[in-house]
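Take a look at the structure below.
The values are calculated or read from the model by the stated rules, or taken from the named source; none is laboratory data. As the structure is a prediction and not an experimental result, all values here were calculated from the model. All Cβ positions, even for glycine, are placed from backbone atoms using ideal geometry, and neighbour counts span all protein chains on display. The area values use the complete protein model at the heavy-atom level, side chains included, leaving out ligands, DNA and RNA. Shrake-Rupley method; radii C 1.70, N 1.55, O 1.52, S 1.80 Å.
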Amino acid sequence: MSKELMQKNIAKAQREIDEKKEIIKNGKMRQHYHFMPQTGWMNDPNGLIYYKGKYHFFFQCNPYYGFWDYMHWGHGVSDDMLHWEYLPLALAPSESYDDHIRGGCFSGSAIEHEGKLFLMYTGTTKEAQGFVQTQCIACSEDGIHFEKYEGNPVLTAPKGIAPEHFRDPKVWKHEDTFYMVCGGSCGQKGQALLYRSKDMFHWSFFNVMAESRGEWGYMWECTDFYPMGERYVLTFSPMGAGEHTAMYLVGDFDYETGKFHSWINGEIDWGFDYYAPQSFQAPDGRRIMVGWANEWEWMPLWKDWGPAYQEGWCGSFNFPLEVRMREDGTLQFLPIAELETLRENPRREDSFLVTETEKELAAGDGVSFELKMKIDLEHTDADRLELVLRGGEGKKTVCLFDFRKAEMSVDRNESDGWSRGVSRSVMYLKGKSELDVHILSDQSSLEIFTNQYQNNHSNNIFAGNEQNQLKIRTYGGTALIREYESYGLKDCFRRGENSHVNDKEDERNG
């Protein structure tokens, strides 16, 4: 293995980033407060960890242009998960097991061990029989510069598992043993495969932790596993499962048998653009989860990824969420509290009545904003409540709460001349006196949270600044809104007050 070759490939990619980043950062579709790449394509979050006093986010990327191809690992650090310093690329394809134009260094995770930062990732290459995926390790003394382990790959696909569907290791330590869960496909059914090791370099198969019966796809990508209180949570993104893009299971786990028994399942997000979530534990004990704000199966053609690729980049992360467990074992997914530090220009109303006459609302500049309100169900007799978001220039995104059907939908067919589709979910309203609504709008995304953060819709909306209208109305009656509050949200990437981020980055890159 050549250490010099990976560093050469990283240096080549960094030159590409440095040459383009100043132009790309001013793209019209660039986000204001969502993590995104400086240049090129980005998909899965990788290696999320708090290490040596910083939040580290690694990410799948192709730094050369705004399409998926030839995977590297990008890297950023932050004090608050809002303002980011971009570090040099952590991994680049360089070895026989991870160097192919349609492969590379695929997704994985990070763990601290003996003061060092270890990355475990999937190496993907093409052999005579087709694509092959194996599990590999890289290590860093400083959390910035990484070297691949000379004994890579440390794991190959076990018998019965398709070698092209064996990826995305998530590693953790319990007592004196390392464990790793990895996604796989067997007999066209998705699986979570469990391994264990005493030294993190020599692994043995332990058990099939959990598997699909056929209802959740033929392959489980980006598996994640962690405890919450006395229970355990398994998350994954299933391929071939239709509208299901990010699932969670809650149940019991036995370290003696390596078997996970679940009795609760749920959707993390019902929108078109939430995939591959990964989580980590913050220093204050919170379980933080981050997803990729896109999804494979709804996007069959390159042009359908949205117009950002025309600006030389594509992809961002969904806003970080705190995972909480309710008494009944179901999960909630709340925007992290750090969001409040971005708020400006607050507006509040204690209550107001919504009728069939359209009413304009105010929230920041109508582009980058936060909105919270509660629908008083006891004093609402309307059939439906409609929110028009990012309206203007003959375009709009429509969020509809249908109280008669107990259904929520987000229609983006008229959003931007680019996006399409309607995402739908069931609203559980029986016995409830109010319905909470929380909306995060950014330059090219809308994230809508309802039902105590258990019914969430994340969708990309590629709307210009002229689309800044926000309106509300009802159909078939009236609705009472309580505790309305809205805020503008500061730009974490472009405004002068944050220019020190780029200064630090330039200093580090020399």
Original post:
Counting just the residues of region 98-107 that are closer than 18 Å to Glu150 by Cβ and crowded, with 23+ Cβ neighbours inside 10 Å, which one comes out farthest from the chain's Cα centre (by Cα)?
Top reply: Asp98
Subject >> Residue list for region 465-497, filter: under 17 Å from Ala363 (Cβ atoms) and assigned to a loop (DSSP other than H, G, I, E, B) >> reply: Asn465, Glu466, Gln467, Asn468, Lys490, Asp491
**OP:** Evaluate the following for Arg390: is it assigned to a strand (DSSP E or B), open to solvent by less than 10 Å² (accessible area, probe 1.4 Å) and not hydrophobic (A, V, I, L, M, F, W, C)?
**Re:** yes
Original post:
Could we say that Glu95 is assigned to a strand (DSSP E or B), touching a Gly at 6+ places or on another chain (Cβ under 9 Å) and surrounded by fewer than 23 Cβ atoms within 10 Å (Cβ to Cβ) here?
Top reply: no
Original post:
Which is over 24 Å from Tyr70 (Cβ atoms) and of a type outside the set (Val, Ile, Thr), of Pro158, Pro153, Pro169?
Top reply: Pro158
**OP:** Considering only region 195-209, state which residues are farther than 16 Å from Met120 by Cα and open to solvent by less than 10 Å² (accessible area, probe 1.4 Å).
**Re:** Met209
Original post:
Gly183 passes all but one of (1) of a type outside the set (A, V, I, L, M, F, W, C); (2) outside any strand (DSSP E or B); (3) in contact with a His (Cβ under 8 Å, 6 or more places away or on another chain); which number fails?
Top reply: (2)
Subject >> Gly160 being assigned to a loop (DSSP other than H, G, I, E, B), on the phi > 0 side of the Ramachandran plot and not β-branched (Val, Ile, Thr) >> reply: yes
Original post:
Would region 344-353 turn up any residue that is under 21 Å from Ser458 (Cα atoms), outside any loop (DSSP other than H, G, I, E, B) and either of a type in the set (Val, Ile, Thr) or within 26 Å of the chain's Cα centre (by Cα) (or both)?
Top reply: no
**OP:** For Thr330, state whether it is among the hydroxyl-bearing types (Ser, Thr, Tyr) and either free of Cβ contacts under 8 Å to residues at least 24 places away in the same chain or surrounded by fewer than 13 Cβ atoms within 10 Å (Cβ to Cβ) (or both).
**Re:** no
Subject >> Val367 vs. criteria open to solvent by less than 90 Å² (accessible area, probe 1.4 Å) and in a strand (DSSP E or B) >> reply: no
Original post:
Take the residues of region 219-239 that are surrounded by fewer than 19 Cβ atoms within 10 Å (Cβ to Cβ) and free of Cβ contacts under 8 Å to residues at least 40 places away in the same chain: which is farthest from the chain's Cα centre (by Cα)?
Top reply: Glu230
**OP:** Give the residues of region 447-464 that are among the polar types (S, T, N, Q) and part of a strand (DSSP E or B), sorted by residue number.
**Re:** Thr450, Asn455, Asn456, Ser458, Asn459, Asn460
**OP:** Kindly indicate whether Glu340 is of a type in the set (Asp, Glu), modelled with pLDDT of 95 or more and crowded, with 17+ Cβ neighbours inside 10 Å.
**Re:** no
**OP:** Please specify each residue of region 409-445 satisfying the condition of being in a strand (DSSP E or B) and either farther than 16 Å from Asp273 by Cβ or open to solvent by 20 Å² or more (accessible area, probe 1.4 Å) (or both).
**Re:** Asp411, Val422, Arg424, Val426, Glu434, Leu435, Asp436, Val437, His438
**OP:** Filter region 258-287 down to residues that are in a strand (DSSP E or B) and without any contact (Cβ under 8 Å) to a residue 24 or more places away in the chain and give me whichever is surrounded by the most Cβ atoms within 10 Å (Cβ to Cβ).
**Re:** Asn265
Subject >> Residues (touching a residue at least 40 places away in the same chain (Cβ under 8 Å) and open to solvent by 50 Å² or more (accessible area, probe 1.4 Å)) located in region 115-169 >> reply: His145, Glu147, Tyr149, Glu150
Subject >> Residues satisfying the stated conditions in region 6-58, i.e. of a type in the set (A, V, I, L, M, F, W, C), surrounded by 15 or more Cβ atoms within 10 Å (Cβ to Cβ) and either assigned to a helix (DSSP H, G or I) or at positive phi (or both) >> reply: Met6, Ile10, Ala13, Ile17, Ile24
